[in-house]
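One structure below.
The values are calculated or read from the model by the stated rules, or taken from the named source; none is laboratory data. Since the structure is predicted, the reported quantities are computational estimates derived from the model, not experimental observations. Ideal geometry is used to build each Cβ from the backbone, glycine not excepted, and the neighbour counts take in all protein chains shown.
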Amino acid sequence: MADIIQLLPDNIANQIAAGEVIQRPGSAVKELLENAVDAGATEIRLIISDAGKNLVQVIDNGKGMSETDARMSFERHATSKIKVIDDLFHIKTMGFRGEALASIAAVAQVELKTRRAEDELGTFIEIENSTVVKQEPCAFSVGTSISMKNLFFNVPARRNFLKSNAAETRHIIDEFIRVAMSFPHIFFSMTSNGQDVFHLEKGNLKQRVTQILGNSYNAKLVNVKEDTDYMNIYGFVGKPDTAKKTRGDQYLFVNNRFIKSAYLNHAVNTCFDNLVAKDSFPSYVLYIDLDPSQIDINVHPTKQEIKFEDEKIIYAFVQAAVKHALAQFSIAPSLDFSLNAEIQQLDAVSNPFSEERQSSASTSNLFQSFTQKNQAHKIDPSERSELSHWKDFFVETDSRPLPTNRELSNDLLPELNTAKQSPFDNQELTCMQLHNSYIISSFKSGFILVHQQLAHERILYEKYSLMVHSKQMPTQKLLFPITLELAVADAILLEDLLPEITQLGYLIEHFGNNTFIIQGTPADIKQGNEKHSIELLLEQFKHFTSEMKFSKREKLVRCMARQQSIKTGQLLGTTEMKALINDLFECNTPNVTPAGNPTYIEYKQDYIERMFER
Ligand code: ADP
Ligand code: MG
């Protein structure tokens, strides 16, 4: 029999390798932006069309490439950034694997234009399917422009696998933000289908962060800054009222590289225990700088995960720095700043310098840093801060003016009269509220315990579902329209949702860029808190998007029902309670919320009797 093993042709090998690095347009954006940064550019422009499926182009004013390098750059394992294996442990560039351009050229049509300052003419190269189709000299400004067209044109299965334009644009924006946040001294812009999405002038870190997260963050960022010989940490944490229901605004960078680390994320989150609601995530943008030899970046093809030489120290350090910051700004009590016992026992922390250690361990200076005054864990009791502020923040996170009693009854009463066959056996409905949260009510021959919030959520859910599928909900115009300025990603989401939101009774106009004008709200919603309601709606919607089985409309209805429901803790009058219970049993599925929680618990008479052992 003949031998059967063959070497794969280059273009197929490259296509397979590309699967690791280029999964979607956003991955190409990341690689191209990082290359521009590595090339020393001070201005970087990103242009996309059709969510990057048609075109991803990055133009930079970096150092450009020679004719030979331009050609070489598309070879697999072609890199100018490392030469020997040892270089891997001193990486100062974003790239080093020499795979990105080769991968992109394997799965898309690519055009490169580049010129170095010392060359009179630049180079133009066109590549398709890993094959150079055209190469010629061209006139070009100093720097590089790379266009990636028709991603996956030659791998239809993967092209079909791409998500909706909204979702892919979201990925691109995420990648753009991660790079732009790391390099505030570089100008970045992004246009999508000819429209400006970002225009980020050079500035300091805080300016860059607020340019991206939105101006509303300006007064809500708390500075974090701790320097030691082992590592530096700086950046911002959001005051507790910037906490979100989704992980959206959590950014961690190590040596300017955005990374995902559940472990370090936990370190930050614990600092916010008791400051933000249990199901919310604090916002933060934190940068850690440390000796590259202390980390291994090369553990993941897209370098989003890295390995630390000593993760425990980093954890303790991040936690201490954030706690310190919160305490200094009177946001958290400065009670517990000692390093936890486990950390304290680590050699680097607990053993004082010996000559020997001093020379051997480059990390041993940590001990000094950790015992210096004004470092994170060294806060004198006298510095304990005023606690009243942070409590305010906490309350604000969850506060939404509740409808007043009168509004509630207006809302619920008309439907009371139309009550059909009642489950109450024609007897007068008697009910009583307990703990401002539950309603106990007679029911057939026994009684029920109703959860007022969950019951109301069911009622609103059916009401909104009906309206959204038939006619538009009535709108009440606002006397004074409200301007809503959103972060870019939220603006894109809201624009995407506008038709459905309109159907629900909101009247919102897109006012260009990230600004919207709220002109009206659904008729039965209390006015005065529109901005917060919309922001919350977007948050909850994002929270929901993991559950793909629901349509956009269904998700929105569910969010609205949850958001507008009477909350526990709200005192109800007898009329309101009766209306609520009647409305509940008007519903098609009165016994559970849309999410499946019970809305009431029934106690049947024979069951009760048995409880009394009769
Ligand atoms: P890596 O970044 O890991 O080295 P890439 O495939 O991304 O691998 O790029 C290959 C090489 O092409 C880089 O090492 C660099 O020398 C060159 N290169 C890529 N993009 C640019 C650019 N925008 N400007 C200048 N040189 C570039
Ligand atoms: Mg690269």
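For this structure, a couple of remarks:
Conditions (1) at pLDDT 90 or above; (2) in the same structural domain as residue 289 (by TED's automatic domain parsing); (3) touching a strand residue (DSSP E or B) at 6+ places or on another chain (Cβ under 6 Å), marked per residue:
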position: 176; (1), (2), (3): yes, no, yes
position: 185; (1), (2), (3): yes, no, no
position: 193; (1), (2), (3): yes, no, yes
position: 220; (1), (2), (3): no, yes, yes
position: 230; (1), (2), (3): no, yes, no
position: 242; (1), (2), (3): no, yes, no
position: 245; (1), (2), (3): no, yes, no
position: 253; (1), (2), (3): yes, yes, yes
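- Restricting region 9-27 to residues that are at pLDDT 85 or above and farther than 16 Å from residue 188 by Cβ, the residue that is nearest to ligand 1 (Cβ to nearest atom): 21
- When the residues of region 70-85 are filtered to those that are surrounded by fewer than 20 Cβ atoms within 10 Å (Cβ to Cβ) and outside any loop (DSSP other than H, G, I, E, B), the one that is nearest to ligand 1 (Cβ to nearest atom) is 72.
- Among all positions in region 118-135, there is no residue which is among the small types (Gly, Ala, Ser), at pLDDT 95 or above and either within 16 Å of ligand 2 (Cβ to nearest atom) or surrounded by fewer than 23 Cβ atoms within 10 Å (Cβ to Cβ) (or both).
- Verdict on residue 172 being more than 16 Å from ligand 1 (Cβ to nearest atom), buried (at least 17 other Cβ atoms within 10 Å of the Cβ) and within 34 Å of the chain's Cα centre (by Cα): yes
- Selection within region 273-304 - free of Cβ contacts under 8 Å to residues at least 40 places away in the same chain and hydrophobic (A, V, I, L, M, F, W, C): 281, 299
- 3 or more residues surrounded by 15 or more Cβ atoms within 10 Å (Cβ to Cβ) and in contact with a Lys or Arg (Cβ under 6 Å, 6 or more places away or on another chain): qualifying helices (runs of 4 or more DSSP H) within region 519-614: 530-544
- Close pairs (6 angstrom Cβ cut-off, 6 or more residues apart or separate chains): closer than 18 Å to residue 33 by Cα in region 131-151, exposed (fewer than 15 other Cβ atoms within 10 Å of the Cβ) and at pLDDT 95 or above anywhere: 142/117
- Considering region 9-28, the residues that are touching a helix residue (DSSP H, G or I) at 6+ places or on another chain (Cβ under 7 Å) and not in a helix (DSSP H, G or I) include one that is surrounded by the fewest Cβ atoms within 10 Å (Cβ to Cβ), namely 24.
- Single residue of 169, 191 found to be among the hydroxyl-bearing types (Ser, Thr, Tyr) and either in contact with a Pro (Cβ under 9 Å, 6 or more places away or on another chain) or within 21 Å of residue 252 (Cα to Cα) (or both): 169
- Scan of region 86-118 for residues that are over 33 Å from the mean Cα position of the chain (by Cα), of a type outside the set (A, V, I, L, M) and either part of a loop (DSSP other than H, G, I, E, B) or near ligand 1 (Cβ under 8 Å from one of its atoms) (or both), ordered by number: 114, 116, 118
- Some residue of region 233-252 being outside any loop (DSSP other than H, G, I, E, B), within 19 Å of the chain's Cα centre (by Cα) and of a type in the set (Lys, Arg): yes
- Looking only at region 260-275, and only at residues there that are assigned to a helix (DSSP H, G or I) and of a type outside the set (S, T, N, Q), the one that is nearest to residue 175 (Cα to Cα): 262
- Flag for residue 88 being within 16 Å of ligand 2 (Cβ to nearest atom), modelled with pLDDT under 95 and either aliphatic (A, V, I, L, M) or out of contact with any Pro (no Cβ under 8 Å at 6 or more places or on another chain) (or both): yes
- Test for residue 509: is it among the acidic types (Asp, Glu), surrounded by fewer than 21 Cβ atoms within 10 Å (Cβ to Cβ) and modelled with pLDDT of 85 or more: yes
- When region 58-69 is filtered for residues that are within 8 Å of ligand 1 (Cβ to nearest atom) and either within 15 Å of residue 29 (Cα to Cα) or not hydrophobic (A, V, I, L, M, F, W, C) (or both), the ones remaining, listed by number, are 58, 60, 62, 63, 64, 69.
- Here residue 80 clears all of (1) at negative phi; (2) touching a residue at least 12 places away in the same chain (Cβ under 8 Å); (3) over 29 Å from the mean Cα position of the chain (by Cα) except the condition numbered (2).
- Residue check for residue 191: among the polar types (S, T, N, Q) and under 21 Å from residue 540 (Cβ atoms): no
- Hits in region 299-315 (condition: within 21 Å of the chain's Cα centre (by Cα) and either of a type in the set (D, E, K, R) or not assigned by TED's automatic domain parsing to the domain that holds residue 266 (or both)): 303, 305
- Residues that are more than 27 Å from residue 167 (Cβ to Cβ) and either within 24 Å of the chain's Cα centre (by Cα) or not acidic (Asp, Glu) (or both), drawn from region 511-529: 519, 520, 521, 522, 523, 525, 526, 527, 528, 529
- Scanning region 577-608 for residues that are more than 16 Å from residue 451 (Cβ to Cβ) and either at pLDDT below 85 or among the aromatic types (Phe, Trp, Tyr) (or both) returns 604, 605, 606, 607, 608.
- If you go through region 32-69 and keep only what is in a helix (DSSP H, G or I), within 14 Å of ligand 2 (Cβ to nearest atom) and surrounded by 17 or more Cβ atoms within 10 Å (Cβ to Cβ), you end up with 32, 33, 34, 35, 36, 37, 38.
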